[in-house]
Amino acid sequence: MGVKMKIYNTLTKKKEEFVPIEEGKVRMYVCGPTVYNYIHIGNARPIIVFDTVRRYMEYKGYEVNFVTNFTDVDDKIIKRAKEEGVSAAVISERYIEEYRKDLDGLNVKPATANPKATEEIDGMIEMISTLIKKGYAYEKNGTVYFRTRNFKEYGKLSKKNIDDLEAGIRIAVSEEKEDPMDFVLWKPKKEGEPYWSSPWSDGRPGWHIECSVMSRKYLGEQIDIHAGGEDLVFPHHENEIAQSEACNGKEFARYWMHNAFLNIDNKKMSKSDGNFFTVREISEEYPLQVLRFFMLSAHYRSPVNFSRELMEASKNGLERILTATYNLNHLLETAKEKEMTDEEKNILADVNGLNEKFDAAMDEDFNTADAISVIFEIVKAANTKITADNSKELIQKVLDKIILLSDILGIQAVKKEELLEEEIERLIQERQNARKNKDFARADEIRNILSDKGIILEDTREGVRWKRA
Ligand code: AMP
Ligand code: ZN
């Protein structure tokens, strides 16, 4: 597997060499969205960053088991359901669907597993029961709390100390808890809320327990990487560690990765503050590739301020790569099959050297910003050194390299062939004729040809309308 990667581990606050639990395999869990609305572009940051981490690990030869959950029962979902007069499941299913569309546009690989909290309640009840048996949890009036003081290492991820935390609590805490830092594992239902029966009450799980349970079920008691945005370090990930390690008696995750925030006007982009753009809104202005490129233009642990200027710069950067691959493809059409000259061999050696530089950047805690600069160096070499006189082999190899390295970042480096308007109209006319002649096979075939090129047809009473996807 060659040179080892280094990952900044929030747990040790150091960059560490990545050594997987099982050779050649990576078990990775990323906390997923609460599905009550469209995701905003801040939420897209961990999605893009950790998809890139996964892609790079796959390129290095690891088999990556990548799990990310859906929090599909939660106060915000229930509130939204009440507002619309539908069930919580209608809301969560709708936004899971919309989330998948956004991920598709961002070219994010599907997870190995996408468990939903509501389908894993049995596992949560079992883990909570074990925690009670081991003395790490207790029940009061149908609510189950985690007994934080019994987990001696509480605070090890966020570097917080329970006594300091408690000194900071000003609000009077409910008398039920033995200690103000104890947190909820199970809570009884309120009127009109979805619920499940349990040994303690009809109710629902707390948020933290779902990740401990799903991570164990799909990846095992110990995993390599657990990841999410930096706001999850405390309390979410701290509580996950407490639950999992108290229950399983072993270290939960070896490497904890956290992305910094995406800001807007130098303030955190968040739904509760109302200063956000959804991925869907941005997709109306830019291809989502541009958003992905923008997100990777900074290191994932640096805060980024969202701006139109930066998006425009990303758009231009991406365009430079697409133009280079377009030109190389064009040169290939006429290039001759011939032995590479020494000069060509040198160009290729330089390009391969740049591939190594790309790897070195990514091995250093996934420095995607430097990795992108390396792709630009190859693009520059292609633009300045390669002409129609070069051998087919050289052109193909340089083209393949740009495509390969871009793909590791989830960037599609080859422009989708766009159909011209006249061509679309011609095909639609041909489809109409085919339908008139009851040649439905041909009509369907044309619909598919168009859909492959990103053209969506809509049959209306006024005739056929089309749009680009
Ligand atoms: P949420 O739906 O708020 O739980 O967030 C889902 C994921 O997005 C979590 O990993 C958050 O840490 C992350 N996240 C939320 N807002 C931002 C932001 N402005 N920048 C980067 N990551 C964010
Ligand atoms: Zn989680």
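The values are calculated or read from the model by the stated rules, or taken from the named source; none is laboratory data. Worth saying up front: this structure is predicted, and the values here are computed from it rather than measured. Because the Cβ atoms are built from the backbone with ideal geometry, glycine has one as well, and the counts that use them run over all protein chains shown. All accessible areas refer to the heavy atoms of the entire protein, side chains included, with ligands and DNA or RNA removed. Shrake-Rupley method; radii C 1.70, N 1.55, O 1.52, S 1.80 Å.
Relative to its residue count, the range 1-139 spans a Cα convex hull of 157 Å³ per residue.
Computed over the range 242-398, relative contact order equals 24 percent, with contacts defined as Cα pairs under 8 Å that lie 6+ residues apart. Computed from the Kirkwood radius of its Cα pairs, the Stokes-Einstein diffusion coefficient for the chain at 10 °C and 1.306 mPa s stands at 63 µm²/s.
Taking each pair of distinct Cα atoms in the range 293-406 once, what is the resulting Kirkwood hydrodynamic radius in Å?
15.0
Sorted into 5 angstrom bins from 0, the C-alpha pair distances of the range 78-181 split as 2, 9, 12, 13, 13, 14, 15, 14, 7, 1 percent.
In the context of the full set of protein chains, residues of the range 138-253 present 44 Å² of accessible surface per residue (probe radius 1.4 Å, heavy atoms only).
For trypsin sites (Lys or Arg not before Pro), the sites in the range 193-277 that DSSP calls loop and that have at most 10 other Cβ atoms within 10 Å are LYS250. Hydrodynamic analysis of the range 66-135 uses the Kirkwood radius over alpha carbon pairs. Inserted into Stokes-Einstein at 10 °C and 1.306 mPa s, it gives a translational diffusion coefficient of 113 µm²/s.
For the pairs LYS13/LYS152; LYS79/LYS467; LYS133/LYS189; LYS345/LYS453; LYS338/LYS416; LYS6/LYS250, flag any whose C-alpha to C-alpha distance is greater than 25 Å.
Result: LYS79/LYS467; LYS345/LYS453; LYS338/LYS416 exceed 25 Å.
Once backbone amide H atoms are built at 1.01 Å from N, ASP182 has THR148 as its partners under 5 Å, excluding neighbours fewer than 5 places away on the same chain.
Cross-link partners for LYS25 among the aspartates and glutamates, with Cα-Cα distance under 12 Å and sequence neighbours closer than 8 places in the same chain left out: GLU58, GLU63, ASP224. For the chain, the share of accessible area belonging to carbon and sulfur comes to 48 percent (1.4 Å probe, ligands and nucleic acids excluded). One Cα centroid belongs to the range 199-259, the other to the range 393-469; the line between them spans 44 Å. Hydrodynamic radius of the range 287-329 by the Kirkwood approach over all distinct alpha-carbon pairs: 11.1 Å.
Note on the chain: dipole from Cβ charges, positive end direction compared against GLY142, ASN275, LEU322; the farthest Cα belongs to GLY142. A 1.4 Å probe, protein heavy atoms only, puts the accessible area of GLU139 near 80 Å².
By the Cα gyration tensor, the range 108-157 has an equivalent ellipsoid whose semi-axes, rounded to whole angstrom, run 27, 17, 9 from largest to smallest.
Using Stokes-Einstein with the Kirkwood hydrodynamic radius over Cα pairs, what translational diffusion coefficient do you get for the range 255-360 at 20 °C and a viscosity of 1.002 mPa s, in µm²/s rounded to a whole number? It comes out at roughly 124 µm²/s. From its DSSP helices (H runs of at least four residues, each -39,500 (n - 2.57)), the chain gives a residue-normalised ellipticity at 222 nm of -15000 deg cm²/dmol. Averaging the sequence gap over all C-alpha pairs within less than 8 Å and six or more residues apart, then dividing by the number of residues, gives the range 403-464 a relative contact order of 24 percent. Along each principal axis, taking the top coordinate minus the bottom one, the Cα set of the range 196-244 gives 33, 24, 15 Å in descending order. Across the chain, the relative contact order, built from alpha-carbon pairs under 8 Å that are at least six residues apart, equals 16 percent. Within the range 417-469, which GluC sites (Glu not before Pro) sit in a loop by DSSP and count at most 14 neighbouring Cβ atoms inside 10 Å? Listed in order of number, the matching sites are GLU417, GLU418, GLU462. Along its three principal directions, the equivalent ellipsoid of the range 24-79 from the Cα gyration tensor extends over semi-axes of 28, 13, 5 Å, largest first.
Taking the empirical scaling 2.2 N^0.38 Å for compact globular proteins as reference, the range 351-469 has a Cα radius of gyration ratio of 1.58.
The figure for ASP363 is an accessible area of roughly 10 square angstrom, using a 1.4 Å probe on the protein chains alone. With 5 Å bins beginning at zero, the pair-distance distribution over Cα atoms of the range 131-238 amounts to 2, 10, 17, 22, 22, 15, 9, 2, 0 %. Where in the range 183-228 are there GluC sites (Glu not before Pro) that are in a DSSP coil and have at most 11 other Cβ atoms within 10 angstrom of their Cβ? Qualifying residues, ordered by number: GLU191.
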